[in-house]
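Working notes, structure below.
The values are calculated or read from the model by the stated rules, or taken from the named source; none is laboratory data. Small disclaimer: the values here were computed from a predicted structure and weren't measured. Cβ sites come from the backbone with ideal geometry, for glycine too, and all protein chains shown count toward neighbours.
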Amino acid sequence: MSALGMIAYMIGAVIVGAVMTLLLSIFRSIKEHDNFRSWRYAIAFSIIAAVAPYVYGEVKTKMDGEGMQKGVESVIKSGKVDGKIQYYRVMKCDGKTARVIIVAKEKTTLNDNESCVIDATLVYDAKKGWKAKEFEFIDSFKRNKDGVTFPPYW
């Protein structure tokens, strides 16, 4: 996993939290003279901004991910990944095409449990089910790829 990508993601979440807190404070009633603790709102909004994309991926996977296992396995086989699928998350699905992020554990020369992140597009065939259309390695030591997905998976 790219540590810089995760750090940038968290900084982005803090910025979103600060902007949301600023908007909340601007549109508050000025008749109230209470103890408005903006730091509490900033922390809450930052946590929500950081967690929301992961929750979205989990929900989409539960709703649309059923039956995609064979398509994901075909991506691993086509990409010649020497390992097993750890998990996959559906990021977008319209019934005929789906964009998934696949994380597999792969054996490399330095580590027997190296993470390999793949961004794949699957298409649905009524007779054969989900099949791989195209895929791209995002993070793979073996393939000299060092990228990050949104949200960052590792």
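Let's see how each residue does on (1) over 20 Å from the mean Cα position of the chain (by Cα); (2) among the β-branched types (Val, Ile, Thr); (3) within 15 Å of Lys77 (Cβ to Cβ):
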| site | (1), (2), (3) |
| --- | --- |
| Lys92 | no, no, no |
| Ala98 | no, no, no |
| Ile101 | no, yes, no |
| Glu106 | no, no, yes |
| Thr109 | yes, yes, no |
| Ser115 | no, no, no |
| Leu122 | no, no, yes |
| Lys128 | yes, no, yes |
Quiz item: Regarding Ile85, is this residue more than 23 Å from Ile7 (Cα to Cα), of a type outside the set (Lys, Arg), assigned to a strand (DSSP E or B) and modelled with pLDDT of 90 or more?
Solution: yes
Quiz item: Do you know which residues across segment 102-111 are in a loop (DSSP other than H, G, I, E, B) and within 27 Å of Glu58 (Cα to Cα)?
Solution: Lys107
Practice problem: Given the conditions (1) closer than 30 Å to Lys127 by Cβ; (2) surrounded by 12 or more Cβ atoms within 10 Å (Cβ to Cβ), report the number of the one that Met63 does not fulfil. | Solution: (2)
Self-check item: Qualifying residues in segment 57-82 (those that are farther than 17 Å from Glu136 by Cα, of a type in the set (A, V, I, L, M) and not in a loop (DSSP other than H, G, I, E, B)) - the one farthest from the chain's Cα centre (by Cα)
Solution: Met63
Quiz item: Does Ser38 count as over 26 Å from Val100 (Cα atoms) and surrounded by 12 or more Cβ atoms within 10 Å (Cβ to Cβ)?
Solution: yes
Quiz item: Only one of (1) surrounded by 21 or more Cβ atoms within 10 Å (Cβ to Cβ); (2) at pLDDT below 95 is not met by Lys80, so which one is it?
Solution: (1)
